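Comments concern the structure below.
The values are calculated or read from the model by the stated rules, or taken from the named source; none is laboratory data. Not measured: the values here are computed from a predicted model. Cβ atoms come from the backbone with ideal geometry, glycine included; neighbour counts cover every protein chain shown.
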Amino acid sequence: MNASLTAWISGIGFLAPGLADWPATRAVLRGEADFVEAPTILPAPAILPPAERRRASRVVKLTLAIGLEAAAHAQADVSTLATVFSASGADGHTCHALCEQLASDDRQISPTRFTNSVHNAAAGYWGIATRAMAPCQVICAYDATFGAGLIDALGQVTLDHQPTLLISYDSEYPEPLHAVRPIPDVAGVALLLTPERSEHSLAQISVAASTAPAATLTDPALEIQRLAIPALRSLPLLQMLARGEGGAVVLDYLAPTQLQVTVTPC
Amino acid sequence: MTPLLLSHYTATTCLGRGLDATRAALHDGRSGLAPCAFETVRLDTWIGEVAGVDDIRLPAPLARYDCRNNRLTLMGLETDGFAERVRLAIERYGRDRVGVFLGTSTAGILQTELAYRRRDPVSGALPADFHYRTTHNSFSLAEFTRAYFDITGITMAISTACSSSAKVFAAAARQLALGTIDAAIVGGVDTLCLTTLYGFSSLELTSPLPCRPYDPARNGISVGEGAAFALLERPAGLLPGSVLLLGTGESSDAYHMSSPHPDGLGARMAMSAALRSAGLTAADIDYINLHGTSTPANDAAEGKAIAGLFGDRVACSSTKGATGHTLGAAGAVEAVICALALREGLLPGSPGTATLDPTLPIQYVLRSRPARIRQVLSNSFGFGGSNCSLAFGVAE
């Protein structure tokens, strides 16, 4: 890897246990508010028609919330944005329900449940909700999922020279899968990455490979979240953005390869 | 985009293991579909099952990756000398300069389906020999491939349902263009499982007969499985017959989760984008490998998009009557079929299709025949409205 992976961060969306949106998260990461862990609160997606809103799954609500928050920050038209969805798993509750029924005597699964089981379900609903016909990528790299999504999104920004919305997120499995993949709750981060600086840009980032250990968070409760939820491996970067700091920060990627992100604030 | 060389490629499907078996079946118009007798599945449908998958043994240090999907991954990698060519690339470029980009829709979820039958009767826990990360998770095949070759370059799985392993070509091409890697293992692997067989059946999208793409009597898909890989590199010293990735095009339908845009608008956008990326026009294309799943809606939408962009000038066919719909592997399987078509000068026919649907005014190839083919497109469309079209060419 080299330093040709570069973009401006022009919008941020965030949602995690105890962290309701980017302004609330920024206050915590700046040390202006305490992190108090609490179940993730998913807002009702106003962009969906009422019937769809009721049916929307947790990951659909999550990705709409953070994606729209990041786009609103930059006053970007979501219907024109290329997207990169990056998730360490598909919808856990749907997967569990299907596996449970397929292990029973009645294998006649619900067609809607099957449709919603695909890894790109949230991406599909995003397109339907926002009417975005631009390219939409959907990635998985287990615990390295945030880094993998960032790499592809930066590639699109650089080569296609167009804004790209990275939406990295995870969701919990119910038992018994929870025991083997203990993601505690839904959480995610959205970054609107643009090829040029705008009045909304927060910082320029460049990504290169590194073998240094990843940065950690000093708040032990937040550090637990960083390690428990793959999308939150982004938190050390977000902390720099929240504080308006410049410099280099190393994020977990695929051992032994890490990602060094160089941040230049606006 | 700057063209990239497919320096080596391989495909394993129900047609057989490797390029020779695939080429012979395509040439003879043979289908690999058979009535479904997979596992305990009781459905009135035909499937494309790969023979001998469960005889494959993973190396002992990688035993935790053992599942049908990674067995087929290994089977595919160890076909046509592909693994040797990967090792040569690693030697040439370094283990951190070779990336892995693999597509799948369900990875090793069969392993989880089987584990759910063996839950602890008291606690409900999954059995101790079940390994979520290395079998079920969508990344498992990419992580397995990375571990198998001991490489450390950029690695990702792409999972956009049935367009997954077409989109890996676009993602890998970006990193090669940026210079973050020097070679990429691209491909797709999907294996038969209960989720997809009962799932497509629940949507009434499986046919009780072998699928018949673009036939007026078509009534559903035949689910298949497959593993296909290509080694992508920047071209150096092209030989006649060398196959090149010329362009990639991606789009979203933004219309419905499981039905295509009725006029194929997203499909048309993806094909136009692939042509633009390749610096080609519609007149430059000699063959299109259609997505052609054989459902009434899918083929009608794609057919309209083709007729709108190409009229009836370009020879087209779906090869899913031969291979079945290999879902997340279909993009890579059909990329390899396109490579064979270019290299061999063979227009693949469409086993199972008796006549072309008269409402779709395109030039459909029913029977395989020789032809001069210089540039082709390969279409892959998936649930969630995910579309990808790839342009390939051949060095003369």
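Points worth noting:
- Boolean, B:L192 is in contact (Cβ under 8 Å) with a residue 40 or more places away in the chain, surrounded by fewer than 23 Cβ atoms within 10 Å (Cβ to Cβ), outside any strand (DSSP E or B) and more than 8 Å from every other protein chain (Cβ to nearest Cβ): no
- Screening A:S171, A:S86, A:S110 for residues that are within 7 Å of chain B (Cβ to nearest Cβ) and modelled with pLDDT of 95 or more leaves exactly one candidate, A:S110.
- Yes/no for A:G188 being crowded, with 20+ Cβ neighbours inside 10 Å and within 22 Å of A:A33 (Cα to Cα): yes
- Among the candidates B:S294, B:S368, residue that is closer than 30 Å to B:T196 by Cβ, touching a Ser or Thr at 6+ places or on another chain (Cβ under 7 Å) and of a type in the set (G, A, S): B:S294
- For the stretch B:158-173, taking the residues that are more than 7 Å from chain A (Cβ to nearest Cβ) and not small (G, A, S), the one that is surrounded by the fewest Cβ atoms within 10 Å (Cβ to Cβ) is identified as B:C162.
- The stretch B:174-184, residues that are of a type outside the set (D, E), in contact with a helix residue (DSSP H, G or I) (Cβ under 6 Å, 6 or more places away or on another chain) and more than 7 Å from chain A (Cβ to nearest Cβ): B:I181, B:A183, B:A184
- Of the listed requirements (1) out of contact with any Phe, Trp or Tyr (no Cβ under 7 Å at 6 or more places or on another chain); (2) over 28 Å from A:G127 (Cα atoms), B:A230 misses just one: (1).
- From B:L239, B:L209, B:L197, residue being hydrophobic (A, V, I, L, M, F, W, C) and either within 28 Å of A:Y125 (Cβ to Cβ) or under 18 Å from the mean Cα position of the chain (by Cα) (or both): B:L197
Each row is one residue, and each column tells you yes or no for (1) within 16 Å of the chain's Cα centre (by Cα); (2) part of a loop (DSSP other than H, G, I, E, B).
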position	(1), (2)
A:A24	no, no
A:E32	no, yes
A:R53	no, no
A:A65	yes, no
A:L68	yes, no
A:V84	yes, no
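- For first residues located in the stretch B:157-181 and at pLDDT 95 or above, partners that are basic (K, R) and outside any helix (DSSP H, G or I) and lie 6+ apart or on another chain with Cβ distances below 6 Å form the pairs B:I181/B:R97.
- Meets criteria (outside any loop (DSSP other than H, G, I, E, B) and over 17 Å from B:C193 (Cβ atoms)) for A:A134: no
- Whichever residue in the stretch A:187-210 is among the small types (G, A, S) and part of a strand (DSSP E or B) and, among such residues, is farthest from A:A76 (Cα to Cα): A:S210
- Taken over the stretch B:222-271, the residue count meeting the criterion of being in a strand (DSSP E or B) and within 18 Å of B:S164 (Cα to Cα) is 16.
- Scanning the stretch B:135-157 for residues that are more than 21 Å from A:G149 (Cβ to Cβ) and either surrounded by 20 or more Cβ atoms within 10 Å (Cβ to Cβ) or facing chain A (nearest Cβ under 10 Å) (or both) yields a total of 2.
- Residue, farthest from A:G18 (Cα to Cα), within the stretch A:195-213, restricted to residues that are surrounded by fewer than 19 Cβ atoms within 10 Å (Cβ to Cβ) and hydrophobic (A, V, I, L, M, F, W, C): A:A208
- Of the criteria (1) in contact (Cβ under 8 Å) with a residue 24 or more places away in the chain; (2) within 8 Å of chain B (Cβ to nearest Cβ); (3) among the hydrophobic types (A, V, I, L, M, F, W, C), which one A:L64 fails: (2)
- Against the test of being surrounded by 17 or more Cβ atoms within 10 Å (Cβ to Cβ), more than 13 Å from the chain's Cα centre (by Cα) and more than 7 Å from chain B (Cβ to nearest Cβ), the options A:N120, A:N116 yield a single qualifying residue, A:N116.
- Selected residue (criterion: surrounded by the most Cβ atoms within 10 Å (Cβ to Cβ)) from residues of the stretch A:10-66 that are polar (S, T, N, Q) and over 23 Å from A:L193 (Cβ atoms): A:T40
- Residue in the stretch A:137-148 that is in contact (Cβ under 8 Å) with a residue 24 or more places away in the chain, within 11 Å of chain B (Cβ to nearest Cβ), within 23 Å of A:A72 (Cα to Cα) and of a type outside the set (D, E) present: yes
- Taking (1) within 28 Å of B:A171 (Cβ to Cβ); (2) more than 9 Å from every other protein chain (Cβ to nearest Cβ) in turn, B:P216 satisfies each apart from (1).
- The residue pairs whose first member lies in the stretch B:27-55 and is over 17 Å from B:G352 (Cα atoms), whose second member is β-branched (V, I, T) and not in a loop (DSSP other than H, G, I, E, B), and whose beta carbons are closer than 7 Å, counting only pairs six or more residues apart or on different chains, are B:F38/B:I47; B:L43/B:T206; B:V50/B:T12; B:V50/B:T13.
- Residue in the stretch B:253-296 that is nearest to the other protein chains (Cβ to nearest Cβ), counting only those that are over 21 Å from the mean Cα position of the chain (by Cα) and at pLDDT below 95: B:A254
- Taken over the stretch A:74-92, the residue count meeting the criterion of being surrounded by fewer than 21 Cβ atoms within 10 Å (Cβ to Cβ) and touching a His at 6+ places or on another chain (Cβ under 7 Å) is 1.
- For the stretch B:310-359, the set of residues classified as in a helix (DSSP H, G or I) and on the phi > 0 side of the Ramachandran plot consists of B:L327 only.
- Hits in the stretch A:149-168 (condition: within 20 Å of A:V60 (Cβ to Cβ) and away from chain B (no Cβ under 12 Å)): A:L165, A:L166, A:I167, A:S168
- Matching residues in the stretch A:202-222 - criterion: being within 14 Å of chain B (Cβ to nearest Cβ) and hydroxyl-bearing (S, T, Y): A:S206, A:S210, A:T211
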